[in-house]
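Beneath this line is the structure, given in structure tokens, with notes to follow.
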Amino acid sequence: MRKILTFALSLLAVCSLKAQYMTHSIEHEFHKVGVFNPQWETEHTLNPKKYEHITAYFREELAKIIFSAVKEKRVKIYDERKRELNLDSVEKKIIDFEKQYSGKILGKDTLWEYIAPFVGAFQFEEFVNYTYQDLALEKKVKAYCPYMVRYRAFTGESNDSVQLPLFWIFPQESSDTASVFHIPDTVISVHPLRYPNQMPFCTSLFELVKSNKIKVFKPEGGEFATLRQIEDLFVIKNEYVYFDEQTQQESIKTAFSDLMPEDIIAIRIGEGWEINPASLEIYKQVYYYLPLYQYDAERFGQLGLRIYNKNYRH
């Protein structure tokens with residue numbers, strides 16, 4: 001009897017430990033990421049409105065790996081409704097697009113090499129999971145679509161571009177990872193969260209951070225001096241003009257409100273990408289993320305902390 005009880009308690013402890021490290025879903029969604037930043041390519045400055053970028057060489061190599069497999073028909077290509085596409089129809093679409101927006105007439109023999117530098121965005125169908133114990137994020141890419149992007153003008157506030165989705169790829173998993181191509185740039189993008197799907201993750205985030213059960217950092221990566229500095233991040237301070245009718249004077253007042261888990265509406269993620277030329281699988285490794293909250297109807301604000309994934313914490 002004692003042995004049975006001991007075994008049962010051991011099994012319960014193991015199950016409890018596994019539950020803590022089980023991954024839980026945040027989203028299964030379509031997520032578009034730009035990988036060409038005009039300011040970076042021309043002026044070597046990052047546009048704060050559009051951080052996402054992969055430097056030219058690695059961006060083109062990524063496109064060439066994909067295009068090589070497509071041209072050689074080593075992989076099937078589809079439209080957004082997963083209907084198989086004919087390569088000739090895709091090439092015609094590219095030729096028509098380039099003629100309309102740049103005035104250039106492309107030949108089929110040089111088409112894929114020519115457009116590789118203009119692959120400036122990818123749309124992903126991906127799963128995003130988190131581990132409750134340490135808030136680590138992981139991503140699994142199910143499918144993706146490269147976009148040809150032609151910039152007509154860009155400023156610090158906005159970019160004027162035309163974009164052409166080329167095709168969708170649904171790669172099959174492969175155990176052959178010997179020739180995986182690693183991209184050293186950190187791709188930074190805003191990943192939206194949707195209510196109520198984000199609630200378990202955001203509730204866990206509030207609980208673990210506010211109780212000091214997980215180490216967090218300032219947005220730029222520095223350390224907080226005191227726990228109070230972290231606690232203050234969860235209180236929003238808004239100044240407003242108050243008019244006193246008795247004194248006929250205006251004064252500046254401050255209103256305080258507590259942030260709630262449902263106020264976290266997105267996360268800014270810094271991640272690394274790799275592609276397997278054999279299977280065309282794209283692997284993503286999340287380095288860190290920054291929670292974002294709803295600031296007003298049109299903008300979001302930064303919560304003020306950075307959370308590193310397991311292997312990248314200081």
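Residues with beta-carbon under 15 Å from that of Val141, excluding Val141: net charge, scoring Lys, Arg +1 and Asp, Glu -1?
-4
Report, by chain and number, residues whose modeled amide H sits under 5 Å from the one on Tyr144, excluding near sequence neighbours (fewer than 5 apart, same chain).
Counting only residues 5 or more places away or on other chains, the set is Glu125, Ile169.
Can you list the HN-Hα couplings for the range 76-86, worked out from phi with the Karplus curve (6.51, -1.76, 1.60; θ = phi - 60°), rounded to whole Hz and with x for Gly and Pro?
Values, residue by residue: 7, 10, 9, 8, 5, 9, 6, 9, 5, 9, 8 Hz.
For Val209, Val241, what's the largest-to-smallest order of accessible area, 1.4 Å probe?
Greatest to least solvent exposure: Val241, Val209.
If you count only protein heavy atoms and use a 1.4 Å probe, how large is the accessible surface of Ser161, to the nearest 10 Å²?
Near enough 40 Å² of accessible area.
Given R₀ = 35 Å, what would the calculated FRET efficiency be for Gln100 paired with Arg74, taking r from the Cβ atoms and rounding to 0.05?
It comes to 0.70.
On full extension of the chain, what length is gained from Lys82 through Tyr283, given 0.36 nm per residue of separation minus the C-alpha to C-alpha distance?
Working: separation 201, 0.36 × 201 = 72.36 nm, distance 2.12 nm.
Length gained between Lys82 and Tyr283: 70.2 nm.
Given a 1.4 angstrom probe, what's the average accessible area per residue across the range 181-239, in square angstrom?
Accessible area per residue: 53 Å².
Express the C-alpha Rg of the range 195-255 as a ratio against the empirical globular expectation 2.2 N^0.38 Å, rounded to two decimals.
That works out to 1.71 for the range 195-255.
Would you mind checking which residues have amide H under 5 Å from Ile26's amide H? H placed 1.01 Å from N; only 5 or more apart, or other chain.
Residues meeting the amide H criterion: Val128, Asn129, Tyr130.
Near Leu85, within a Cβ-to-Cβ distance under 14 Å, what is the net charge of the other residues, with Lys and Arg +1 and Asp and Glu -1?
Charge balance near Leu85 sits at +3.
Report, in whole Å, the centroid distance computed from the Cα atoms of the range 235-308 and the range 180-195.
18 Å
Return one quarter of the surface area of the convex hull spanned by the alpha-carbon atoms of the range 185-296, equal to its mean projected area, in nm².
10.9 nm²
Mind grabbing the accessible area of Glu72 for me, 1.4 Å probe, Å², rounded to tens?
Glu72 exposes around 110 Å² with every protein chain in place.
By how many nm would the segment from Ser174 to Phe256 lengthen if fully extended, with 0.36 nm per residue of separation less the alpha-carbon distance? Before the final figure, lay out the partial values.
Details: separation 82, 0.36 × 82 = 29.52 nm, distance 5.28 nm.
Answer, rounded to one decimal: 24.2 nm.
Sort the range 88-174 into rounded, prolate or oblate with this rule: let a ≥ b ≥ c be the square roots of the eigenvalues of the Cα gyration tensor; rounded if a/c is under 1.5, and if a/c is not under 1.5, prolate when a/b is larger than b/c, oblate otherwise.
oblate
The values are calculated or read from the model by the stated rules, or taken from the named source; none is laboratory data. Predicted, not measured: the structure shown is a model, and the values here were computed from it. Cβ atoms come from the backbone with ideal geometry, glycine included; neighbour counts cover every protein chain shown. For accessibility, only protein heavy atoms count, side chains too; no ligands or nucleic acids. Shrake-Rupley method; radii C 1.70, N 1.55, O 1.52, S 1.80 Å.
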